[in-house]
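Asks: Let me give you the structure first, and then I'll get to my questions.
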Amino acid sequence: MSKVIVFDHPLIKHKLTLIRDKNTGSKEFRELVTEISTLMGYEVTRDMQLEDIEIETPICKTKSQVIAGKKVGLVPILRAGLGMVDGMLNLLPAARVGHIGLYRDPETFKPVEYYCKLPQDVNERELIILDPMLATGGSATAAIQFLKDRGARSIKLVNLIAAPEGIEAVQKAHPDVDIYVAAVDERLNDHKYIIPGLGDAGDRLFGTK
Ligand code: PRP
Ligand code: URA
């Protein structure tokens, strides 16, 4: 079974409170999502492999460590996942960015695919899927399957807020994918929105609705 890593850092909790608040406007919301994503990125990248190289300081030669291993690919789920890309790129500036377009049908709540553009070498990369909300888990489950169908072998899922139902669905469908979440909320309402959640992440980021 995959791991679920729930963040307990005070800065993340504080910033989450601000984005949950309905009075927080799009500009501040976007800035906060970027900041939370960077803070989460610190932990999401904790298991990256290191290798020793030899360098010369102004004093002497020494061995020191740099990141080795697989290259990273960030995969935001459109639209709302876009809000998390810059925050992650702050830590991983050389990462490639692939996009998966999915929206949730308002009647069936099932994900509908409308776009996909991924790095060619997706099978050689450590992929990090980004989406602020994990509600029923339908979108994340479909996105992971999408990447696996194209050869992906290493995938992590990063969400800001998850419902227990969404975590369970992803773990059941993809027990090899670890899930990083800033908060696990209570449950879903009848419209499959997360309670208390933050509303519609895409609309809050981009000022639509
Ligand atoms: C939201 C969110 C997730 C999805 C989560 O996107 O960003 O992708 O819903 O719900 P699920 O876990 O039940 O699938 P939405 O479909 O509203 O599209 P948008 O980002 O374009 O607004
Ligand atoms: N999508 C959102 O943007 N918010 C939710 O609470 C559920 C799905």
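The values are calculated or read from the model by the stated rules, or taken from the named source; none is laboratory data. Owing to the predicted nature of the structure, the values given are computational and were not obtained by experimental measurement. Cβ sites come from the backbone with ideal geometry, for glycine too, and all protein chains shown count toward neighbours. In case anyone asks, the SASA skips ligands and DNA or RNA and just uses the protein heavy atoms, side chains included. Shrake-Rupley method; radii C 1.70, N 1.55, O 1.52, S 1.80 Å.
Asks: Between residue 5 and residue 173, what's the calculated FRET efficiency when r is the beta-carbon distance and R0 is 22 Å? Round to 0.05. Before the final figure, lay out the partial values.
Replies: Values: r = 18 Å, r/R0 = 0.84.
That gives a FRET efficiency of 0.75.
Asks: Using the Kirkwood radius over Cα pairs, work out the Stokes-Einstein diffusion coefficient for the stretch 20-133 at 4 °C and 1.567 mPa s, in µm²/s as a whole number.
Replies: Working: Rh = 16.4 Å.
Estimated diffusion coefficient is 79 µm²/s.
Asks: Would you mind working out the accessible area per residue for the chain, using a 1.4 Å probe, and quoting it in Å²?
Replies: Working: 11180 Å² over 209 residues.
For the chain, the solvent-accessible area averages 54 Å² per residue.
Asks: Leaving ligands, DNA and RNA out of it, report the carbon-plus-sulfur percent of the accessible area of the chain at a 1.4 Å probe. If you can, show how the numbers build up before the last one.
Replies: Numbers: 5680 of 11180 Å².
It is 51 percent, rounded to a whole number.
Asks: So, one more: Can you tally the net charge around residue 158? Count Lys and Arg as +1, Asp and Glu as -1, for every other residue whose Cβ sits under 10 Å from the Cβ of residue 158.
Replies: -2
Asks: At what distance in nm do the modelled label points of residue 206 and residue 17 sit from each other, each positioned 7 Å from its Cα along Cα→Cβ?
Replies: According to this spin-label approximation, the distance is 3.1 nm.
Asks: Any chance you could get the radius of gyration and Dmax over the Cα atoms of the stretch 9-56, in Å?
Replies: In order Rg, Dmax, the Cα atoms of the stretch 9-56 give 16.0, 53 Å.
Asks: About the Cα centre of the stretch 1-134, what is the dipole size in debye to 20, counting +1 per Lys and Arg Cβ and -1 per Asp and Glu Cβ, all else neutral? Before the final figure, lay out each step's value.
Replies: Working: 18 positive and 19 negative charges, 58 e Å.
Using only the charged Cβ atoms, the result is roughly 280 debye.
Asks: Hey, in the GNM for the chain with a 10 angstrom Cα cutoff, which one of 16, 92, 50 fluctuates hardest?
Replies: 50
Asks: Further question on the same structure: For the stretch 38-55 and the stretch 108-178, what is the separation of their C-alpha centers, rounded to whole Å?
Replies: 22
Asks: With all protein chains present, calculate the accessible area of residue 70 using a 1.4 Å probe and round the result to the nearest 10 Å².
Replies: 90
Asks: Could you pull out the pairs from 15/117; 27/209; 70/156; 3/148; 13/148; 148/172 whose alpha carbons sit more than 24 Å apart here? Could the numbers behind the result be given before it?
Replies: Values: 15/117 31 Å; 27/209 16 Å; 70/156 14 Å; 3/148 19 Å; 13/148 32 Å; 148/172 15 Å.
Over 24 Å Cα-Cα: 15/117; 13/148.
Asks: Sort the stretch 102-166 into rounded, prolate or oblate with this rule: let a ≥ b ≥ c be the square roots of the eigenvalues of the Cα gyration tensor; rounded if a/c is under 1.5, and if a/c is not under 1.5, prolate when a/b is larger than b/c, oblate otherwise. Can you show the working numbers first?
Replies: Details: a/c = 2.45, a/b = 1.52, b/c = 1.61.
Judged from the Cα gyration tensor, the stretch 102-166 comes out oblate (a/c at least 1.5, b/c at or above a/b).
Asks: Hey, which lysines would be in cross-link range of residue 63, C-alpha to C-alpha under 28 Å, not counting anything within fewer than 8 residues on its own chain?
Replies: 71
Asks: Moving on. Just round it to a whole percent: the fraction of Cα-Cα distances in the chain exceeding 24 Å.
Replies: On the way: 8719 of 21736 pairs.
Cα-Cα pairs in the chain separated by more than 24 Å: 40 percent.
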